[in-house]
Each structure stands twice: as structure tokens, then as C-alpha cells.
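Encoded as C-alpha cells, the structure appears first; notes follow it.
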Amino acid sequence: MSRTLAASTQSIARSCRTRPNVLARLPEIRRNASGGVHYNQPTGYLFGEKPPAPGQRRKKEDWEFLWYAGMFGGMIFGGVLLYYKPDTSIQTWALREAKERMEARGEKVEYKPS
């Protein structure tokens, strides 16, 4: 037991001697798994994108069409679903139930204003 402990201690000490800057950077590595703090300096442009020269069009990136299609297509699809959703209100159910009961009793269902 003590022999394996001594061997593992020696291997740890050897690795610490061979990689001193890993130990020096250990708190930074623990904080930032990517290796350091990244900060994008502000450029003053919207989304950090330089405007194109006058008379030139902006080149769209590959993902932009998919984003527009997914976002606005999803909104249109949701609007259609909301338009055609079934009426599940309690008033509609009660009206239908009352009509069925009145027809079962043989009464007229139509309303005649007096």
C-alpha cells in the first residue's frame, strides 16, 4: 500500500516538474474551460457587422434564409392552427347540450322573438 502511494506521489511530482505552467494556470483553467477570458471590443456597428460599400448589397449568410423560413413559417402555421382550432368553451357545449335535450323532448329549438 505504501509502495503504491509512494509511486503515485513520485509520478505526480514528476508531472508537476514537467508542466509548471499548467499548475500556474490551474485557477484560470478551472474558471474558463476555453483557456481564457474572451472579450470582443465594441466596433460601433450593429451586430459588429461592417456596412457594405455604397451600391453593394449585403451578402447573406447560409443560415439566414433557414431562420426566416422557420420563424415566419412557424408564425403562419401557428396562426392557421389558432384559426381552425375547435371551440371548446363551456357556452358552446351548454348550447349544444340544451338543443339536444329540447329535441329529445320534442320542443322547438328555434328562437322566435316576441
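The values are calculated or read from the model by the stated rules, or taken from the named source; none is laboratory data. Just so it is clear, the model here is predicted, and its values are computed rather than measured. Cβ: placed from backbone, ideal geometry, glycine included. Neighbour counts: every protein chain shown.
In the range 63-80, is there at least one residue being exposed (fewer than 10 other Cβ atoms within 10 Å of the Cβ), at pLDDT 90 or above and assigned to a loop (DSSP other than H, G, I, E, B)?
No.
Could we say that Q41 is modelled with pLDDT of 80 or more, part of a loop (DSSP other than H, G, I, E, B) and of a type outside the set (K, R) here?
Numbers: modelled with pLDDT of 80 or more: yes; part of a loop (DSSP other than H, G, I, E, B): yes; of a type outside the set (K, R): yes.
So Q41 fits the description; yes.
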